[in-house]
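To start, the structure under review is shown below, and the notes come after it.
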Amino acid sequence: TSATAAERELAEPYLRQVLDTAGLAVEYVRAEGNTLYVRDDDGTEFPVADFAGGYGSVLLGHHHPEITAYARQLLAEHTPIHAQFSRHPYANRLAGELNRIIARELDEDEPYYAIFGNSGAEAVEAAVKHAELDRGMRVAELLGSVDAGLAAARAAVADGSATVHGEAAARLGVALAADGDEAVRLLEAAIRRRNEETVASPPLFLALEGGFHGKLAGSVQLTHNEGYRLPFKSLAAQARFVPHDSPEDLNAVYARERRVLLGLTAENGRITVTEHAFPVFCAFLVEPIQGEGGIRVLSRAFAREIQEFCARIDCPVVVDEIQSGMGRTGALLASSRVGLRGDYYTLAKTLGGGIAKASVMLVREKRYRRDFEIVHSSTFAKDSFSSHIALKVLELLERDGGAAYRRAEERGAALRAKLDALRAEFPDVVADVRGHGLMQGLEFHDQSEASSPELRQIAASGLFGYFLAGHLLRRHRVRTFPTASAVSTLRFEPSIYVTDAELGQLYAGLHDVCTLLRKQAGDELTAA
Ligand code: PMP
């Protein structure tokens with residue numbers, strides 16, 4: 001009956017139960033600035049200092065007064081939210097503003113074209129689709145030049161200016177039963193067969209170990225975490241994952257996977273087989289600071305290696321700034337700080353100001369294929385509401401000579417100082433502190449060999465950081481989460497309005513957690 005259906009929990013009940021085991025299934029009833037409000041069982045509200053920051057979407061705080069006021073205004077003015085297939089001057093202004101800021105940060109003026117979407121994963125998929133469209137077009141051009149070579153070889157044999165030798169036939173595994181026109185036709189048929197096979201093979205992607213690029217059918221194959229990726233392996237093209245800081249591994253993957261298209265040429269009176277590098281790799285995906293992979297900062301040296309490697313093999317670089325971008329590290333693009341230049345960028349999260357759902361994929365002019373605009377779209381993308389909100393976000397970031405970026409740096413440094421102090425006091429508990437600006441992570445040492453049975457148990461559960469987060473929420477009114485693919489690392493991504501008092505509250509909470517871990521007081525840490 002409908003009554004029982006209403007009572008039954010049907011919106012991801014299992015996830016709620018899992019959160020419950022770690023004491024995290026609370027209901028937030030209000031949010032403002034850097035604070036979320038929980039209502040407890042007897043109806044009283046209490047504030048929680050938010051260090052999860054909407055997983056990166058509220059760099060400007062919850063319900064920023066100017067963003068909220070602007071949203072109200074847009075609705076009052078009856079902004080045409082759904083007017084697809086018309087001129088979208090607001091989206092154009094947004095693309096222009098993003099370009100202006102990016103040109104400043106990169107000190108380059110090649111434009112980036114913008115394709116809008118609704119979520120982070122969608123922007124990643126748009127980048128991947130565009131890269132594949134571009135790859136297909138490059139393959140077609142390559143096949144055109146191979147064809148021209150084949151025709152020239154045929155002509156050279158026909159007019160007697162070149163002959164077919166055993167060497168070319170052996171190279172293609174063709175038994176030469178004839179000579180002249182017939183022989184060159186046999187070579188050509190073998191080449192076409194091989195090339196067709198090569199062209200039909202799916203592309204490969206390159207991505208970093210620990211990388212996270214979304215959970216949709218295509219993007220999840222670029223996300224390293226096996227739990228998310230492997231069940232859906234057969235749905236989309238595969239990535240080869242390379243470790244950080246290892247140019248040798250890049251070269252080894254390339255050596256293993258590289259392919260060529262074959263062709264023919266008439267040289268010195270002989271028909272010779274030619275090789276043409278085939279674009280096996282569709283794109284290289286990289287986060288300047290890995291978010292879900294444990295807040296790992298890409299080194300400047302490895303950024304350069306990736307850039308040079310991709311230039312060498314003509315593989316576009318997709319810089320995924322969905323978590324790191326939009327001012328969080330003191331710049332619109334965190335990658336600009338390590339000298340990484342993307343052929344593509346993806347931005348989302350704070351782009352929507354904490355209230356709209358918006359993402360954008362940017363492609364540099366050199367790689368841009370305008371046909372993409374005809375074949376890719378979403379009902380909801382590029383709408384007036386989210387575009388205007390995103391423009392307001394950029395206005396807030398850029399105001400007063402970029403005061404918000406400086407604030408992200410300054411608040412980030414204050415947060416970092418607290419985490420560094422904990423690491424110094426508890427080297428036996430804290431393994432590492434990483435990040436930049438308002439994207440910081442604190443990694444705990446593994447507790448799977450702990451003397452406390454509760455700690456051994458939560459370490460084995462795969463939810464270690466979630467239990468620590470539960471304790472921080474219950475006892476210290478601090479909201480934080482581990483990163484999705486590295487659950488021993490707690491992530492801190494507060495808004496630029498995080499106060500010293502809130503940083504103190506976080507420090508006190510983490511100090512308590514570290515003390516309990518040092519004492520092996522697993523019972524206290526997990527007590528409801
Ligand atoms: N890329 C990165 C770097 C991310 O951090 C995320 C989300 N955590 C995504 C892509 C996917 O974004 P969304 O959840 O909006 O699909």
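Computed on protein heavy atoms with a 1.4 Å probe, the accessible areas place Asp179, Asp40 in the order Asp179, Asp40, largest first. Among 123-134, 57-68, the peptide with the highest mean count of other Cβ atoms within 10 Å heads the list, and the full ranking is 123-134, 57-68.
Take every pair of alpha-carbon atoms less than 8 Å apart whose residues are at least six positions apart; their mean separation over the length of segment 392-503 yields a relative contact order of 22 percent.
For a 27 Å ceiling on Cα separation, which of these pairs sit above it: Lys233/Lys382; Lys418/Lys519; Lys129/Lys392; Lys215/Lys366; Lys357/Lys418; Lys129/Lys366?
In this structure, Lys233/Lys382; Lys129/Lys392; Lys215/Lys366; Lys357/Lys418 exceed 27 Å between Cα atoms.
Taking 7 Å steps out from each Cα toward its Cβ at Arg72 and Ser448 produces label points 5.3 nm apart. For the pair Ala460 and Asp41, label points projected 7 Å from Cα toward Cβ lie 3.0 nm apart. Among Tyr368, Tyr497, Tyr112, the sequence by solvent-accessible area, most first, with a 1.4 Å probe is Tyr497, Tyr368, Tyr112.
Rounded to the nearest 5, what % of DSSP beta bridges with both residues in segment 252-402 are antiparallel?
70 percent
If the segment from Asp107 to Ser246 were pulled out straight at 0.36 nm per residue, it would be longer than the present Cα-Cα gap by 47.2 nm.
Taking a 1.4 Å probe, which of Lys357, Lys349 shows the most accessible area, and what order do the others take after it?
Details: Lys357 160, Lys349 55 Å².
My answer, sorted largest first, is Lys357, Lys349.
Placing R0 at 25 angstrom, the Cβ-Cβ distance between Asp371 and Phe85 gives a FRET efficiency of 0.90 after rounding to 0.05. Please report the relative contact order for the chain, taking Cα pairs under 8 Å with a sequence separation of at least 6, and give it as a percent rounded to a whole number. Relative contact order comes out at 21 percent.
Near Leu298, the amide H atoms lying under 5 Å from its own belong to Ile289, Gln290; only residues 5 or more places off or on other chains count, and H is placed 1.01 Å from N.
As a test question: what accessible area, to the nearest 10 Å², does Arg296 have when a 1.4 Å probe is rolled over all protein chains in place? Estimated to the nearest 10 Å², Arg296 gives 90 Å². The DSSP beta bridges internal to the chain are antiparallel in roughly 70% of cases.
Given a Förster distance of 51 Å, report the FRET efficiency between Ala175 and Ile313 from their Cβ-Cβ distance, rounded to the nearest 0.05.
Working: r = 35 Å, r/R0 = 0.68.
Result of the calculation: an efficiency of 0.90.
Using a simple spin-label model with pseudo-atoms 7 Å out from Cα toward Cβ, Arg258 and Ala431 lie 3.6 nm apart. Accessible area per residue for segment 428-490 is 34 Å², calculated with a 1.4 Å probe on protein heavy atoms, without ligands, DNA or RNA. Using the Karplus relation 6.51 cos²θ - 1.76 cosθ + 1.60 with θ = phi - 60°, the per-residue 3J(HN,Hα) values for segment 29-45 come to 10, 7, 8, 7, x, 9, 10, 10, 10, 9, 9, 8, 4, 8, x, 8, 8 Hz, with x marking Gly and Pro. Charged neighbours of Asp249, selected by a Cβ distance under 14 Å, balance to -3 (K, R count +1; D, E count -1).
Taking a temperature of 25 °C and a viscosity of 0.890 mPa s, what whole-number D in µm²/s does Stokes-Einstein yield for the chain with Rh from Kirkwood over alpha carbon pairs?
Values: Rh = 25.8 Å.
Once the numbers are plugged in, D ends up at 95 µm²/s.
Solvent-accessible area per residue in segment 227-326 equals 41 Å², computed with a 1.4 angstrom probe and all protein chains kept. Between the amide H of Asn34 and those of His62, distances stay under 5 Å, these residues lying 5 or more places away or on another chain, with hydrogens modeled in the peptide plane. Please label the shape of segment 190-273 as rounded, prolate or oblate, based on the square roots a ≥ b ≥ c of the eigenvalues of the alpha-carbon gyration tensor (a/c under 1.5 means rounded; beyond that, a/b larger than b/c means prolate, else oblate). In terms of gyration-tensor shape, oblate. Fully extending the segment from Thr163 to Thr515 would add 118.5 nm, taking 0.36 nm per residue of separation and subtracting the current Cα-Cα distance.
For the chain, the longest principal axis of the C-alpha atoms and the axis of helix 65-76 are separated by about 70°. For Ile289, the solvent-accessible surface computed with a 1.4 Å probe is close to 10 Å², ligands and nucleic acids excluded.
Across segment 163-180, rounded Karplus estimates of 3J(HN,Hα) from the backbone phi angles (6.51 cos²θ - 1.76 cosθ + 1.60, θ = phi - 60°) give 10, 8, 10, x, 4, 5, 5, 5, 4, 9, x, 9, 7, 7, 8, 9, 9, x Hz, Gly and Pro being marked x.
The values are calculated or read from the model by the stated rules, or taken from the named source; none is laboratory data. Just so you know, these numbers come straight off a predicted model, no measurement behind them. Note that we place each Cβ from the backbone using ideal geometry, even for glycine, and neighbour counts take in every protein chain shown. Ligands, DNA and RNA are excluded from the accessible area calculation, which covers all protein heavy atoms including side chains. Shrake-Rupley method; radii C 1.70, N 1.55, O 1.52, S 1.80 Å.
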